[in-house]
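Report on one structure; see the data block that follows.
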Amino acid sequence: MMNSDRKAQSTNPKKVRPKNLNLFTIRMPINALVSILHRVTGCALFLALPLLLVTFQLSISSASKFQLVQDLMHSPLAKLILLGLAWSFFHHFFAGIRHLAMDVHWATTLIKARYTSKMVFVLGGLATLLLAISWVF
Amino acid sequence: MAIYSVVLLARVLVLTPGSYGDWLAFSQPWWWRLATWFFWLSLSSHAWLGVRDVLKDYVPNVKIRMVLLKLVMLALWVYLVWITLLLCNL
């Protein structure tokens, strides 16, 4: 078994290269968590695009439709979705800036990377909280 | 996109459009519509690359992946035409 594996590896390295993308079996240090949430929030935002377009179309089409959008947005379910999308946006935003910084080799040591990961969570949470508060008032 | 997002948030917080008239006045300036269009153009390519990478990692079946990729591509084109029409008719 071992021998044949090794042989296969020497002829076709792609075939036996171990790959594990199962998120539930991977240990998640904070940097990995920021990274995977960047993906998850990105997907969520992508899926929300048609919702955004429909809402925008309604809101600009007439005064009564605008009122309808406003009323819909005050329902508890809409508030929950908006809150989730707001956090998704802010996390994606800050994690994205962190990735850009790392692309230009800024904060790439492990200690600094952990620090900026914490910053992403704090800033994302804070921005969402501030938006929620400004929404209420 | 990041700059547009910050400007959008700032404009909403400063102008606080609460009525239909406010909202139209907020959305209608030509430069804002132009900025919004370029934002959406960037969004389209950004979403394409991101979703493509995710599908590459998590959909091992090549046939299913290709179908999903084509659907994503189609959706992004439809959204781009959609927003273009909305902004032109605003």
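The values are calculated or read from the model by the stated rules, or taken from the named source; none is laboratory data. Remember, predicted model here, so these are calculated numbers, not experimental data. As a convention, Cβ positions derive from the backbone with ideal geometry for all residues, glycine included, and neighbour counts pool all protein chains shown.
Let me confirm something: among B:80, B:69, B:15, B:74, which residue is surrounded by 11 or more Cβ atoms within 10 Å (Cβ to Cβ), modelled with pLDDT of 95 or more and over 30 Å from residue A:18 (Cα atoms)?
Matching residue, one of B:80, B:69, B:15, B:74: B:80.
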Log entry, pairs with first residue in segment A:49-67 being within 9 Å of chain B (Cβ to nearest Cβ) and touching a residue at least 12 places away in the same chain (Cβ under 8 Å), second being exposed (fewer than 13 other Cβ atoms within 10 Å of the Cβ) and assigned to a helix (DSSP H, G or I), beta carbons closer than 8 Å, six or more apart or on different chains, reads none
Can you spot a residue in segment A:117-137 that is outside any helix (DSSP H, G or I), over 19 Å from residue B:12 (Cα atoms) and within 14 Å of another protein chain (Cβ to nearest Cβ)?
no
*asked:* Tell me yes or no: at least one residue of segment A:31-40 is at pLDDT 80 or above, surrounded by 18 or more Cβ atoms within 10 Å (Cβ to Cβ), within 11 Å of chain B (Cβ to nearest Cβ) and under 22 Å from the mean Cα position of the chain (by Cα).
replied: yes
- [ ] Output yes when any residue across segment A:79-89 is exposed (fewer than 13 other Cβ atoms within 10 Å of the Cβ), at pLDDT below 95 and away from chain B (no Cβ under 11 Å), and no when none is.
- [x] yes
Within segment B:5-16, the residues that are within 13 Å of chain A (Cβ to nearest Cβ) and out of contact with any Ser or Thr (no Cβ under 8 Å at 6 or more places or on another chain) are B:5, B:6, B:8, B:9, B:10, B:12, B:14, B:16
Does residue B:67 qualify as being farther than 15 Å from residue B:77 by Cβ, in a helix (DSSP H, G or I) and more than 14 Å from chain A (Cβ to nearest Cβ)? yes
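Given the structure, is residue B:56 charged (D, E, K, R) and within 11 Å of chain A (Cβ to nearest Cβ)?
Numbers: charged (D, E, K, R): yes; within 11 Å of chain A (Cβ to nearest Cβ): yes.
Considered against the rule, which asks whether it is charged (D, E, K, R) and within 11 Å of chain A (Cβ to nearest Cβ), residue B:56 comes out as yes.
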(Q) Scan segment A:61-78 and tell me whether some residue there is surrounded by 15 or more Cβ atoms within 10 Å (Cβ to Cβ) and either closer than 25 Å to residue B:72 by Cα or at pLDDT below 90 (or both). (A) no
The condition from (1) closer than 29 Å to residue B:47 by Cα; (2) modelled with pLDDT under 95; (3) in a helix (DSSP H, G or I) that residue A:6 misses is numbered (1)
When residue A:117 is run through (1) polar (S, T, N, Q); (2) without any contact (Cβ under 8 Å) to a residue 60 or more places away in the chain; (3) surrounded by 16 or more Cβ atoms within 10 Å (Cβ to Cβ), the failure sits at (2)
(1) assigned to a helix (DSSP H, G or I); (2) within 11 Å of another protein chain (Cβ to nearest Cβ) all hold for residue B:42 apart from (2)
